[in-house]
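Values in this text are rule-based calculations from the coordinates and carry no lab data. Predicted model only: the values in this text are computed from it and were never measured. With ideal geometry, Cβ positions are generated from the backbone for all residues, glycine too; neighbour counts draw on all protein chains shown.
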Amino acid sequence: MGTVRLMVLDVLKPHEPSILDLSKKIAGVPGVANVDITIMSVDRKVETAKITIEGTDFSYDKIQKIINDYGATVKSIDRVVTGKRTVIG
Amino acid sequence: MLSKLREKLRLLSDYNKLAHIEKIARRYFVMNSFDGVLAILGILVGSLIAGAPAALVVSTGIAAGIAMGVSGIWGAYLTERAERQKEIRDLERATLTKLKATQIERAAKAAVVIIALVDGIAPLAAALIVLMPFLILRPFLALQQIYYLSIGIAFAALFMLGVFLGNLSRENIIKMGLIMILAGLASVGLSYILLGTVVA
């Protein structure tokens, strides 16, 4: 059985914490190798971020817990790559 | 032990980033220390004009400091709590989520407590510092000298608050210190003018 190697999340987050802090928190989850956060749109109180997480067999629940803990919500999981090796960028 | 302390400090820094504790606490600290120093300066000048004994100055000064401390804690706690709750409600509406038991809510709660403590401790500490000569130098100096020393400390404290603000805003620290001293002089001058006519 393959493991989750890449995941792209559409997240609605408050301005604080910054994406710098949020990326560091997510990068601390076991199995996560890289985190890429791009702000897609900015509103008065919130912003939409595309969070790309790369790694081997990381727990989505743990990542979602961190995201929720900082007042953000996962609107949708837009992409998941599962397999034995990373072959897709 | 050390790692636990480091963990607490990290948590505090996290809360600070989320709830901007430092910025608001600093504002309250300066405002209330200033209030504390000016209030005690007023007590000192009034007592000096009336020729009050040291015990009266100490008891009035400390009681006023405690009152300012309690008022600071109560006032800041309630106002800050109301403001933070509103912020969280607004954020909940914007993010379409409940923020109960999240890091955001914990940071807001910590902010309320820390800011209330700073708001209360600042005027009390300022009062105690200004009254220090009355508390420790009474056996060694004449009453008049203690009065002048205390008033001197009050002005020095005002100057230091100005320096602190000047440092923060990267302005001329001496100028900011002198502006603070001017407030003290205005307070003392007005007291002398008004009390001079009433007491005499």
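Remarks
- If only the Cβ of Lys and Arg carry +1 and only the Cβ of Asp and Glu carry -1, the dipole of the protein assembly as shown around its Cα centre is close to 680 debye.
- FRET efficiency, A:Lys50 to A:Thr82 (Cβ-Cβ, R0 22 Å, nearest 0.05): 0.70
- Per residue of A:71-82, other chain Cβ atoms within 10 Å of the residue Cβ number 2 on average.
- Share of alpha-carbon pairs per 5 Å distance bin for the stretch B:25-167, given as whole %: 2, 10, 17, 17, 13, 11, 9, 7, 5, 4, 3, 2, 1, 0
- Stokes-Einstein D (µm²/s) once Rh is taken as the Kirkwood radius of the stretch B:58-103 over alpha-carbon pairs, at 20 °C in 1.002 mPa s: 166
- P(r) histogram, all alpha-carbon pairs of the stretch A:3-81 included - 5 Å bins from 0, percent: 3, 17, 32, 28, 14, 5, 1, 0
- Average beta carbon contacts from partner chains per residue of B:94-103, 10 Å cutoff: 5
- Part-to-part distance (alpha-carbon centres) for the stretch A:45-89 and the stretch B:55-71, which is given in Å: 57
- Of B:Lys4/B:Lys86; A:Lys75/B:Lys23; A:Lys65/B:Lys86; A:Lys50/B:Lys109; A:Lys84/B:Lys4; A:Lys45/B:Lys23, pairs whose Cα-Cα distance is over 28 Å: B:Lys4/B:Lys86; A:Lys75/B:Lys23; A:Lys50/B:Lys109; A:Lys84/B:Lys4
- Extents of the protein assembly as shown, largest first, come to 94, 40, 35 Å (Cα atoms, principal axes, whole angstrom).
- Near B:Asp90: Cβ cut-off under 11 Å, other residues only, Lys/Arg at +1 and Asp/Glu at -1. The net charge is +3.
- Peptide-level mean, for A:19-26, of C-beta atoms on other protein chains within 10 Å: 1
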